[in-house]
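J.: The structure follows.
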Number of protein chains: 2
Amino acid sequence: MNVKALAMVTALSAGALLSMPASAQFAKPEDAIKYRQGSLFVLGQHFSRLGGMAQGKIPFDAKAAQENADVVAYMAKLPWAGFGPGTEKGAPNKSKPDIWLEPEKFKEHADKFEAESAKLAAAAKTGTLEALKAAFGPTANTCKSCHDAYRSK
Amino acid sequence: MNVKALAMVTALSAGALLSMPASAQFAKPEDAIKYRQGSLFVLGQHFSRLGGMAQGKIPFDAKAAQENADVVAYMAKLPWAGFGPGTEKGAPNKSKPDIWLEPEKFKEHADKFEAESAKLAAAAKTGTLEALKAAFGPTANTCKSCHDAYRSK
């Protein structure tokens, strides 16, 4: 199956994935913590390449932009399962306790980021730097607002 | 080394990971190492849930099996970009030097795993435990043979 088809299948099943209880997914809190850290790191690597292009630090490459944005949009669905109840501790991490004190608010941030990532991927598909630039800022803002609220320095 | 130089080295390097997508660029070896470790960990978490079902350790759930297999098949494409030239060191890791001494052989392992993962996702889509079981073993074997050859204990 090609990447595009995979992305479609996943887009359809992502909601169910998020609603799976963390207890059913991770053997121990450490695994959940490493899972969310790993998926956010992978996501961040692809996202930073888009940032480099949007900010003119690396040459715009339409194909690379599309590939990176597709990975970001896919990976944007994964980390949240790693923030389930009981995963505050178990491995070194920068998550603030508020994540578990106001999970609905945290989920709003995650949802917003997912939505902006999908728009970013759509923008990258146009093949123009202008569209990428226009979509990159709003997506980056959703990263920042969540990090400001829920990630320790 | 900057991103562009790294990309050039990658493009020119004989044999190694020639199919690496244009999106595969890292600012420093540490990032590449954390990227491959993170993506393999995420992949492994989803894969182990399929293993639990295939081995009867957790109840078979057709929908969950399909979701997990889809993530495995998607994630199977990512880690290899993190094994580029010059990423042997830079952060603690278990990669054996042979990865960079015989990159074509390493790539064969990666390709085999990707191919089996795609079959596993197709099997999970049938919705039967029998199909999942039949496809899980061959996929797990591709993990094992690559780990045996290229991962330190």
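J.: Could you count how many residues in the stretch B:50-81 are outside any helix (DSSP H, G or I) and within 19 Å of the chain's Cα centre (by Cα)? Explain how you work it out, then say what you get.
T.: Looking only at the stretch B:50-81, we keep the residues that are outside any helix (DSSP H, G or I), and these are B:55-61, B:76-78.
Filter once more, keeping what is within 19 Å of the chain's Cα centre (by Cα): B:76-78.
Residues flagged as outside any helix (DSSP H, G or I) and within 19 Å of the chain's Cα centre (by Cα) within the stretch B:50-81 amount to 3.
J.: Still on this structure: Does the stretch B:79-90 include one or more residues that are open to solvent by 40 Å² or more (accessible area, probe 1.4 Å), in contact with a Lys or Arg (Cβ under 8 Å, 6 or more places away or on another chain) and under 18 Å from residue B:146 (Cβ atoms)?
T.: no
J.: Hey, can you tell me all the residues within the stretch A:82-114 that are under 20 Å from residue A:48 (Cβ atoms) and assigned to a helix (DSSP H, G or I)?
T.: Our first condition is that a residue be under 20 Å from residue A:48 (Cβ atoms); within the stretch A:82-114, this holds for A:94, A:109-110, A:112-114.
Hits for the stretch A:82-114 are A:109, A:110, A:112, A:113, A:114.
J.: Exposed (fewer than 14 other Cβ atoms within 10 Å of the Cβ), more than 17 Å from the chain's Cα centre (by Cα) and away from chain B (no Cβ under 11 Å), is that true of residue A:97?
T.: Yes.
J.: Say whether the condition of being under 28 Å from residue B:73 (Cα atoms), at pLDDT 95 or above, in contact with a Leu (Cβ under 8 Å, 6 or more places away or on another chain) and among the small types (Gly, Ala, Ser) is met by at least one residue in the stretch A:121-133.
T.: yes
J.: Also: From the list A:75, A:8, A:20, pick out the single residue that is within 9 Å of another protein chain (Cβ to nearest Cβ) and modelled with pLDDT under 95. Before the answer, list the steps.
T.: Details: A:75 fails: modelled with pLDDT under 95; A:8 fails: within 9 Å of another protein chain (Cβ to nearest Cβ).
Matching residue, one of A:75, A:8, A:20: A:20.
J.: Quick check, is residue B:110 of a type in the set (Gly, Ala, Ser) and more than 10 Å from every other protein chain (Cβ to nearest Cβ)? Working first, answer last.
T.: Working: of a type in the set (Gly, Ala, Ser): yes; more than 10 Å from every other protein chain (Cβ to nearest Cβ): yes.
In short, yes.
J.: When the residues of the stretch B:129-153 are narrowed to those that are open to solvent by 70 Å² or more (accessible area, probe 1.4 Å) and not in a helix (DSSP H, G or I), which ends up farthest from residue B:86 (Cα to Cα)?
T.: Ranking the qualifying residues of the stretch B:129-153, first place goes to B:153.
J.: Something else now. Among the residues of the stretch B:27-39, count how many are at pLDDT below 95 and open to solvent by less than 20 Å² (accessible area, probe 1.4 Å).
T.: 0
J.: Kindly indicate whether residue A:126 is over 14 Å from residue A:55 (Cβ atoms), hydroxyl-bearing (Ser, Thr, Tyr) and either under 12 Å from the mean Cα position of the chain (by Cα) or surrounded by 19 or more Cβ atoms within 10 Å (Cβ to Cβ) (or both).
T.: Numbers: over 14 Å from residue A:55 (Cβ atoms): yes; hydroxyl-bearing (Ser, Thr, Tyr): yes; either under 12 Å from the mean Cα position of the chain (by Cα) or surrounded by 19 or more Cβ atoms within 10 Å (Cβ to Cβ) (or both): no.
No: the conditions fail for residue A:126.
J.: Considering only the stretch B:40-78, how many residues are touching a His at 6+ places or on another chain (Cβ under 6 Å) and open to solvent by 40 Å² or more (accessible area, probe 1.4 Å)? Steps first, answer last, please.
T.: Taking the stretch B:40-78 first, the residues touching a His at 6+ places or on another chain (Cβ under 6 Å) are B:68, B:71-72.
Okay, now just the ones that are also open to solvent by 40 Å² or more (accessible area, probe 1.4 Å), so none.
Final tally of qualifying residues: 0.
J.: Is it the case that some residue within the stretch A:120-132 is out of contact with any Cys (no Cβ under 8 Å at 6 or more places or on another chain), under 22 Å from residue A:38 (Cβ atoms) and hydroxyl-bearing (Ser, Thr, Tyr)?
T.: Initial filter on the stretch A:120-132 (out of contact with any Cys (no Cβ under 8 Å at 6 or more places or on another chain)): A:120-132.
Applying the additional criterion that residues be under 22 Å from residue A:38 (Cβ atoms) yields A:120-121.
After this cut, where a residue has to be hydroxyl-bearing (Ser, Thr, Tyr) as well, the list is none.
Looking through the stretch A:120-132, none of the residues is out of contact with any Cys (no Cβ under 8 Å at 6 or more places or on another chain), under 22 Å from residue A:38 (Cβ atoms) and hydroxyl-bearing (Ser, Thr, Tyr).
The values are calculated or read from the model by the stated rules, or taken from the named source; none is laboratory data. All values derive from a computational prediction rather than experimental measurement. Quick reminder, even Gly has a Cβ in these numbers, built from the backbone with ideal geometry, and neighbours come from all protein chains shown. What goes into the accessible areas is simple: the full protein's heavy atoms, side chains included, and nothing from ligands, DNA or RNA. Shrake-Rupley method; radii C 1.70, N 1.55, O 1.52, S 1.80 Å.
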